[in-house]
1. With an 8 Å Cα cut-off and a minimum separation of 6 or more residues, compute the relative contact order for segment 517-604 in percent.
2. In nm, to one decimal, how far is the residue 576 label point from the residue 465 one, both placed 7 Å along Cα→Cβ?
3. What is the fewest-to-most order of 393, 256, 496 by other Cβ atoms lying within 10 Å of their Cβ?
4. Which FRET efficiency value, to the nearest 0.05, is calculated for residue 488 and residue 196 with the Förster distance at 41 angstrom and r the Cβ-Cβ distance?
5. Length gain on complete extension for the stretch residue 540 to residue 54, per 0.36 nm per residue less the alpha carbon to alpha carbon distance?
6. Which FRET efficiency value, to the nearest 0.05, is calculated for residue 598 and residue 309 with the Förster distance at 25 angstrom and r the Cβ-Cβ distance?
7. Taking the beta-carbon count within 10 Å as an exposure proxy, list 468, 90 from fewest neighbours to most.
8. Relative contact order, percent, of segment 381-512 when contacts are C-alpha pairs under 8 Å separated by at least 6 residues?
């Protein structure tokens, strides 16, 4: 019997609540990239710290210096290999101050001098990727007043400075000449290489003057409060340009720094231009408009069922605001809702929505032989680590162009919760560039009892097909050792697990019992702008599902109601309780009911 739900556990209203904001509280982000001269011990005397104090309100300055690092990729300690380099990119700076080159003058590094120019150009390109266009300063490093640590002033003066000058001209960056400024100030460098506190203060003042007096023609930022709107919604555009710029927005003269409330009724592109005597800059925002009748989300969970199991899939959907009518297989349904289906064979269902436009989406639920279904697909998983924005979900999403990457430690693991008991026959690992030579498989039940464990020691990359398994359990833990490359993490493009449900084999149904309350990993993850959270409860009670930020502050409440036993689905559209979009970053969702609490992490990428 079909069950039709007039609403999912949470269906977001995507209505944008207009803000009365007239000003802007968006500090300009300044990333200070460099070696120990930038790092400065990370104390209050470092030049980035003092620069932040000088710039004060309206700017956010962060120190991304790492001691002894080189710009050269083939240097002894390349800045490229540091997690700090990725942190600087994640900071999404509007201004980047690069101060590298001092350690490149060491003999063991300068043998790669022919690569310096290209590596510098490439580093600038990294900060400009994905449409970003920060104001970049390629700085001349200070003189080396001694040859401590092998640093050689003659190489800095006669070879590195001319190369950086060429970089500035080719990449059209700005310049700060610390070399010339400190040439007669050796007394500020006690060890001949690193400034003292007074020297750092002078550096901070030089950078401060350069930023405050930067030439016209630079766009510091141009962004929209939301990149998607629906009927009768508005959103603010914000921008900031360097002083003295001639600014236009879609051809109309605008202020150097301002905001504008817009209410487009179709997909609209906004183009901001800033002109100066030497520099010019252009940035675009495309606002996506969803008219009434547009289907914004529709999916089946699970999308694949076992032949002969008589299992159900839950198809849910959400439409744009103002949608007046929806039909599921020509039967009227709620414009935002869901329905259970129990197909006996692979079946395609039709969802149609009507309003200002009509939209139709086809959703297919596959019914396949048990041994041909990948049980790992989109299942929740725990992982020992992941590197940056390559989480374990990327190894379970069925997409060969995404991957999980671990951190550098030798021993790593992934534990997949299959949600039911399966007799596992086969596990397939699709490796990326870095693979494990040794793999351990542990199959266990929900109480942690080990049902089967096997080891494999002949991994050679590519595809590892382990097809001699027989254990029955709910959890599969895969452990990795013996990296093919010592200084990088493992990379897995996809994990496939094949097995037969024990219920089909006629075993006791208690083996398929789930915990009293289960919260699954959201999908997709990372996401933009919408993600789905599935959870199951087996006892009636009040359910709370709340999103928190990294500081533990409540962002929004997705569910707060009494619910009967069953499987539910909540959607989060990346907005807070005021229906305003939140920034990129790590968030946590926490389910609480009775004495039970479970928390999971998710990543929002704008």
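Please treat every number below as a calculation from the coordinates, not as lab data. Note that the structure is predicted; figures quoted are calculated from it, not measured. Cβ coordinates were reconstructed from backbone atoms using ideal geometry, including for glycine residues, and neighbour counts include every protein chain displayed.
1. With pairs under 8 Å counted, the relative contact order is 33 percent.
2. If labels sit at residue 576 and residue 465, their model points lie 5.3 nm apart.
3. The most exposed by this proxy come first: 256, 496, 393.
4. 0.60
5. 169.2 nm
6. Rounded to the nearest 0.05, the efficiency is 0.35.
7. 468, 90
8. Rounded, it is 35 percent for segment 381-512.
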